[in-house]
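Sharing a structure here in structure tokens format.
Where a number appears in this text, it was derived from the coordinates with a stated rule and is not lab data. This is a predicted model, so every value here is computed, not measured. Every residue, glycine among them, receives a Cβ derived from its backbone with ideal geometry; neighbour counts consider all protein chains shown.
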Amino acid sequence: MITTTLSDFRKEIKRYLDSVTENFETLIINRGKDSGVVIMSLNEYNSLRATQHELSSRRNEQRLDAAIEKYRNGNSVQKDLIEP
């Protein structure tokens, strides 16, 4: 995670945005007391949204928890992918 001020961000915008996209960094721009902005890569944002969707219903959450527990207990089956 990188933190900067708005004025420094303006001076170094390309460097900061390159770091966010190339290094999967999260950038926080402080804008005063209790105020700020978070910048993240589109890939990171999409990943967070997908996770939010998967956990959006209690039923999905329970299925994921059950699958994790099954895997941890050694009750899972590994299958090879079929190449087209």
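At 7 Å along the Cα-to-beta-carbon direction for both Asn30 and Ser57, put a label point, then send me their distance in nm to one decimal.
4.4 nm
Could you compute the FRET efficiency for Gln78 and Ser19, with r as their C-beta to C-beta distance and R0 at 41 Å, rounded to 0.05?
Result of the calculation: an efficiency of 0.60.
Further question: Using Cβ contacts closer than 10 Å as the measure, can you line up Val38, Val77 from fewest to most?
Final ranking by Cβ density, sparse to dense: Val77, Val38.
Under 4 °C and 1.567 mPa s, how fast does segment 1-53 diffuse according to Stokes-Einstein, given a Kirkwood radius computed over C-alpha pairs? Answer in µm²/s, whole number.
111 µm²/s
Measuring from label point to label point, each 7 Å out along Cα→Cβ, what is the Lys11 to Glu69 span in nm?
Those two pseudo-labels are separated by 5.5 nm.
Let me ask you something else. Once both axes come from the Cα atoms, what is the angle between helix 58-72 and the longest principal axis of the chain, in degrees from 0 to 90, rounded to 10?
70 degrees
What dipole magnitude, in Debye to the nearest 20, does the chain give about its Cα centre under +1 on Lys/Arg Cβ and -1 on Asp/Glu Cβ?
So the dipole magnitude of the chain works out to roughly 300 debye.
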